[in-house]
Amino acid sequence: MAEPQVDAALEVPPEIGLDAAPGADRFLIRGAHANLWFEGRNAAPGGALIVSFDNLATIDEGWPRGPWAWRRLEPMGHAVLGVQSHAKDWFRQPTAPELLRGLEERGFFRRFRRVVLTGASMGGFAALNFAPLIPEARVLAFSPQTTMNRVIAPFEARFPYSVKRSNWEGMPFLDAAAAVPYIRRAVVVYDPFVPEDRAHAARLQADHVQMLRIPFCTHEAIRVVLKSGTFPTLITALVEGDSIGPDFWQGFRGRRGVTKWQRALLAAAADRGRPRLVIAAADTLLKLGQDLPEEETTFIRRARRAAVNALKVAKAG
């Protein structure tokens, strides 16, 4: 892996081997195609471990980078193990599963009361795929792909450059849907108005898989969850139990103040030829954002004007 510009403010853990991992409170294990970065210094003894996986965007951050979502998880008192790929390969490589198996064989995961695997998109695929390697692990997957193999998932044609450069032939770990029967409990968060994400979610349906459908959040639903402040709610629900309850939905009302959600809502109404719905939604959003600087609501007023003009044209016709 090429070494991009170093973030001098980030303290890289000491490098160790798998044998030393069960007794270490932080470490970096380097592999040919992936690394394991563990942060457990500030975790509650006997608490939970969150295993997080890179996605396409985090690969672009270069190296060193801490585990995905570590900065948000550590204040919650959780230990965090980042599974970090060297490439945009959906972890279709031998290193990541070998390292996770190595930790399991050495008893690393038995240090923790509960283990939750999480990630978004590529990371969600990996979290589902590798969960059976860790007995009793739970999964929180955001907008996951089940596979990028075009025969298995002919509906999936996104990310062509990265898919072309990664291997989507042959087992194991080709299809995350095949892992579902061997996962204790999973929660899949996705936008049902994204056709590909909806199709992948349909392949993950099972009695022990809870589907959280969050419309108008796009494939980057994780960003709306983070901005709404409900990521900790989801993590806590799977650390303490096995399902997502009303606390999440109550907190997720905060999405109405998230620009990404607002844009997607207005665009969806406009694309469906519903100008009156656009106007009503815009009026509500402008009222919610009445204390915001004017430049932050420009796109809402622009969408409203376009809807008003569309109505005038329809009436004139």
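The values are calculated or read from the model by the stated rules, or taken from the named source; none is laboratory data. Being a predicted model, the structure only gives us computed values, none of them experimental. Cβ sites come from the backbone with ideal geometry, for glycine too, and all protein chains shown count toward neighbours.
Structural remarks
- Conditions (1) under 16 Å from A24 (Cα atoms); (2) buried (at least 22 other Cβ atoms within 10 Å of the Cβ): number failed by E104: (2)
- Residue in segment 212-224 that is farthest from A126 (Cα to Cα), counting only those that are assigned to a helix (DSSP H, G or I) and not β-branched (V, I, T): R223
- Residues that are acidic (D, E) and surrounded by fewer than 16 Cβ atoms within 10 Å (Cβ to Cβ) are absent from segment 68-87.
- Being buried (at least 22 other Cβ atoms within 10 Å of the Cβ) and under 17 Å from A178 (Cα atoms) is a property that A131 has.
- Selection of segment 225-246 for residues being assigned to a helix (DSSP H, G or I), of a type in the set (D, E, K, R) and either touching a residue at least 24 places away in the same chain (Cβ under 8 Å) or outside the structural domain of L73 (by TED's automatic domain parsing) (or both) yields only K227.
- Entirely in segment 111-211, the helices (runs of 4 or more DSSP H) that have 2 or more residues that are over 18 Å from T95 (Cα atoms), at pLDDT 95 or above and under 17 Å from the mean Cα position of the chain (by Cα): 195-202
- Candidate set: segment 164-220, residues that are over 30 Å from D271 (Cα atoms) and among the hydroxyl-bearing types (S, T, Y); chosen: the one surrounded by the most Cβ atoms within 10 Å (Cβ to Cβ): S166
- Selection of first residues in segment 145-170 that are outside the structural domain of A87 (by TED's automatic domain parsing) and of second residues that are of a type outside the set (G, A, S), restricted to Cβ pairs under 8 Å at least 6 apart or on distinct chains, gives an empty result.
- Looking at G245, G254, just one residue is surrounded by fewer than 16 Cβ atoms within 10 Å (Cβ to Cβ), among the small types (G, A, S) and over 24 Å from L117 (Cα atoms), and that residue is G254.
- A single member of A314, A269 is of a type in the set (G, A, S) and at pLDDT below 90, and it is A314.
- Taken as a whole, the condition of being surrounded by fewer than 21 Cβ atoms within 10 Å (Cβ to Cβ) and basic (K, R) does not apply to R138.
- The set of residues in segment 240-280 being closer than 25 Å to R302 by Cβ and aliphatic (A, V, I, L, M) consists of V258, A264, L265, L266, A267, A268, A269, A270, L277, V278, I279, A280.
- Some residue of segment 247-269 being touching a strand residue (DSSP E or B) at 6+ places or on another chain (Cβ under 7 Å) and not in a helix (DSSP H, G or I): no
- Boolean, W90 is in contact with a Pro (Cβ under 6 Å, 6 or more places away or on another chain) and part of a loop (DSSP other than H, G, I, E, B): no
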